[in-house]
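The values are calculated or read from the model by the stated rules, or taken from the named source; none is laboratory data. Quantities reported herein were computed from a predicted structural model and do not represent experimental measurements. Here Cβ is always computed from backbone atoms with ideal geometry, including for glycine, and neighbour counts include all displayed protein chains. Accessible surface areas use protein heavy atoms only, side chains included; no ligands, DNA or RNA. Shrake-Rupley method; radii C 1.70, N 1.55, O 1.52, S 1.80 Å.
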Amino acid sequence: MAVLAPAPGLRKTDARRAHYTEDQVSLPRMLLRMAAGLVVLVVFLLPYAIMFFGSVKTKAQIRSVDPTYFPTEWHWENYVTMWSTPETPLVQNLISTIVISVFATLLVLAVALPAAYYTARFRFPGRMVFLFLVIVTQMLQPAVLTSGLFRQFLALDLIDTWAAMILVNAAFNLSFAVWIMHSFFAGIPKEVDEAAQIDGASRLTVLFRISLPLVWPGIVTAIVFTFVACWNEFAASLVILSTAGNQPLAVALTKFVGQYETSWHYVFGVSIVAIIPVVVLFMLIEKRLVGGLTTGSVK
Amino acid sequence: MTAPVSTIASAPTAVDGERLVTPGVQPPRFKRPRRRGGFTPYALLVPTLIALAAITFWPLLQLIIISFQEFGRAQVFGAPAPFVGFDNYAAVLADPTYWAVMGRSVAFCVVLVVVTMLAGTLVALLMTRLNAFFRVLLSVGLLLAWAMPALTATIVWGWMFDTSYGVVNFMLTNGLGLDFAQHSWLVEPLSFFFVAGLVIVWGAVPFVAFTIYAGLTQVPEEVLEAAQLDGAGAFQRFRLIIFPYLRSVFLVVTILQVIWDLKVFTQIFALQNIGGVRELTSTLGVYIYQNSLGTGEYGTGGAIAVLTVIFMLAISFLYVRQVVKEEEL
């Protein structure tokens, strides 16, 4: 077995972008693929279109008896007025959501990454039991968990704090992150690690310099999954965070849904604004999703 | 940490960017990788185990205790809860409604998992075949669907399938000339599950597609090229090369889908509120809610929840054993 240097003439970026696509794709084929991509895109964005059109209508237009899909007048001011409504302090809600999600995601990564690496690389007794336990966390409804959580944080005197929600969100997603990254670490041929060790790299060096770059796609998946889950977490936030300004957007949204009438234009507008940070985060790490480059690592 | 600090200094020579290169003159230091990691693996798992204990096993324990008690509204307000042995379980298992709900949930889950996995895999494969621009565009679209809370998604889809002014009825009637004016999608159970399934699959495909796409990037190109040169068609390449490479990813994603689809709650609950017939459309997740928070019979609800967890455990056990076996080959 030999460890290879990059083939001469093959630039790294080429290899990244090319995947295993045939070099020469006929034009109709490429167009067919693009058409398929567009169809998929439209299906996934359809509800957003409905939300968007709803977000620029007035309350009266949404509730009219004969509703139109396209707004007759465009009320862009909804996107300005929604920040200062009597229902909820939206700016604080946004800050709260960002702080909780970012720190919870960082915490999950710091703990889950080494754990996933070691469970995939070492045979140790109890490995299967651990992976099994991790799956069990996915089996319970959040509603079943919240009352117990409330009592735990009451005992810790952390009720109505960001710290509590950072811990809760991290705990909710930790097992999943370990699990998904585990399966990516397990996908790297062991020979790659062993070769590096024979070449004198330490265990930590192997983890950070060799294995990590190869499992970036798995890490990105775990980051996106964790961040989205934290961003939308609802059941526990509702119970643990009581001050309006501490509450995340998911809880703040429900304030627009009243017993007698609902400000749908704000519900939809806030939902659309709330998605922007998630997209920004994704664009920042998107390149890593195609970074896994085991190509030529083992022969 | 077990790693000796001294070796870090020599490491960069062995790594160039993301690729390994043979070190120049440095004599290789043979260090046998230890089969067992000593205490390190356990130490690294401790935080995860604490989190697991706090958010899953403690509540699960309480759930199990309640399922053996007579636990109604009075007990919520502090009345003592007498233990009743297996009475709650006996009552649940003797109730034909439970079996109807169970059968409905399993059938619905099987359809959902198959459709989600197929669609997710196809989207992931499509992503590998698109150019960078379209791929990013598609991933952002998928991300948007993924990041929409289930409740919001259900409300919006519910609007689209609305009886009197939904866009679906409008298109079918005015676009295709079918008689769908004032057609109610949610009254008929099969049609209800079609809409519910659409909302659930729509929300689940992005996760599956992303995860499988991430896995696909790990399949070595040379192997696929070689197979293509040897005349393997697209389907054969998938079956013989891609699938074996991604087996553990597929197993993980499938088991998660099975669990999530069996316990699905929000979409069914919200659609029932919009206009479904509860008795004919309840699945396990909703049924547990109806029998605990709904009726105040927490003992009965607990028993159903525990039975559901046992059922999921049985399925997962077979899967996890499979994953571990595959990796040990």
Quiz prompt | Answer from B:F86, B:F71 - the residue that is open to solvent by 30 Å² or more (accessible area, probe 1.4 Å), in contact with a Phe, Trp or Tyr (Cβ under 6 Å, 6 or more places away or on another chain) and in contact (Cβ under 8 Å) with a residue 12 or more places away in the chain | solution = B:F71
Quiz item: Looking at (1) in a helix (DSSP H, G or I); (2) touching a His at 6+ places or on another chain (Cβ under 8 Å), can you tell me which one B:L151 breaks?
Solution: (2)
Quiz item: Among the candidates B:L138, B:L45, B:L122, B:L142, which residue alone is touching a Gly at 6+ places or on another chain (Cβ under 7 Å) and within 10 Å of chain A (Cβ to nearest Cβ)?
Solution: B:L138
Exercise. Considering every residue within the stretch A:176-192, establish whether at least one is more than 30 Å from A:P114 (Cβ to Cβ), at the interface with chain B (Cβ under 9 Å from one of its Cβ atoms), under 24 Å from the mean Cα position of the chain (by Cα) and not hydroxyl-bearing (S, T, Y).
Key: no
Exercise. Please name all residue pairs, on different chains or six or more residues apart, with Cβ atoms under 8 Å, provided the first residue is in the stretch A:35-64 and is facing another protein chain (nearest Cβ under 7 Å) and assigned to a helix (DSSP H, G or I) and the second residue is open to solvent by 50 Å² or more (accessible area, probe 1.4 Å) and modelled with pLDDT of 85 or more.
Key: A:G37/B:L137; A:L41/B:L137
Exercise. Go over the candidates A:P213, A:P217 one by one and state the one that is facing another protein chain (nearest Cβ under 10 Å), surrounded by fewer than 19 Cβ atoms within 10 Å (Cβ to Cβ) and more than 29 Å from B:N291 (Cα to Cα).
Key: A:P213
Quiz item: Of all residues in the stretch B:291-322, which are hydroxyl-bearing (S, T, Y), surrounded by 16 or more Cβ atoms within 10 Å (Cβ to Cβ) and more than 11 Å from chain A (Cβ to nearest Cβ)?
Solution: B:T300
Quiz item: Would it be correct to say that B:T97 is assigned to a helix (DSSP H, G or I), hydroxyl-bearing (S, T, Y) and surrounded by fewer than 18 Cβ atoms within 10 Å (Cβ to Cβ)?
Solution: yes
Practice problem: Answer yes if at least one residue in the stretch B:253-266 is closer than 19 Å to A:G187 by Cβ, part of a helix (DSSP H, G or I) and open to solvent by 10 Å² or more (accessible area, probe 1.4 Å), and no otherwise. | Solution: yes
Quiz item: Can you name the condition, by its number, that B:Q218 falls short on among (1) within 11 Å of another protein chain (Cβ to nearest Cβ); (2) open to solvent by less than 60 Å² (accessible area, probe 1.4 Å); (3) at pLDDT 80 or above?
Solution: (3)
Self-check item: Residue tally, condition surrounded by fewer than 20 Cβ atoms within 10 Å (Cβ to Cβ) and in contact (Cβ under 8 Å) with a residue 12 or more places away in the chain, over the stretch B:129-159
Solution: 2
Quiz item: Looking at the stretch B:160-197, which of its residues are at the interface with chain A (Cβ under 10 Å from one of its Cβ atoms), in a helix (DSSP H, G or I) and open to solvent by 30 Å² or more (accessible area, probe 1.4 Å)?
Solution: B:V167, B:F170
Quiz prompt | Filtered residue count, the stretch B:229-255, keeping only those that are within 30 Å of B:M312 (Cβ to Cβ), out of contact with any helix residue (DSSP H, G or I) (no Cβ under 6 Å at 6 or more places or on another chain) and not β-branched (V, I, T) | solution = 6
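Conditions (1) at the interface with chain B (Cβ under 7 Å from one of its Cβ atoms); (2) under 30 Å from A:V56 (Cα atoms); (3) open to solvent by 50 Å² or more (accessible area, probe 1.4 Å); (4) among the aliphatic types (A, V, I, L, M), marked per residue:
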| position | (1), (2), (3), (4) |
| --- | --- |
| A:N78 | no, yes, no, no |
| A:P86 | no, yes, yes, no |
| A:P89 | no, yes, no, no |
| A:Q92 | no, yes, yes, no |
| A:S101 | no, yes, no, no |
| A:L107 | no, no, yes, yes |
| A:F130 | yes, no, no, no |
Practice problem: Within the stretch A:148-165, work out how many residues are open to solvent by 90 Å² or more (accessible area, probe 1.4 Å) and within 10 Å of chain B (Cβ to nearest Cβ). | Solution: 1
Quiz prompt | Residue satisfying all of: in the stretch A:185-211; in a helix (DSSP H, G or I) and at pLDDT 80 or above; farthest from B:V253 (Cα to Cα) among these | solution = A:I198
Quiz item: When residues of the stretch B:267-284 are filtered for being more than 11 Å from chain A (Cβ to nearest Cβ), surrounded by fewer than 23 Cβ atoms within 10 Å (Cβ to Cβ) and part of a helix (DSSP H, G or I), how many remain?
Solution: 9
Quiz item: Among the listed residues A:A252, A:A235, A:A222, which satisfies the condition of being in contact (Cβ under 8 Å) with a residue 12 or more places away in the chain, within 30 Å of A:R151 (Cβ to Cβ) and surrounded by fewer than 19 Cβ atoms within 10 Å (Cβ to Cβ)?
Solution: A:A235
Quiz prompt | Criterion: open to solvent by less than 30 Å² (accessible area, probe 1.4 Å), under 19 Å from the mean Cα position of the chain (by Cα) and facing chain B (nearest Cβ under 9 Å) - qualifying residue of A:A201, A:A196, A:A171 | solution = A:A171
Self-check item: The one condition in (1) open to solvent by less than 20 Å² (accessible area, probe 1.4 Å); (2) touching a residue at least 12 places away in the same chain (Cβ under 8 Å); (3) in a helix (DSSP H, G or I) that A:V136 fails to fulfil
Solution: (2)
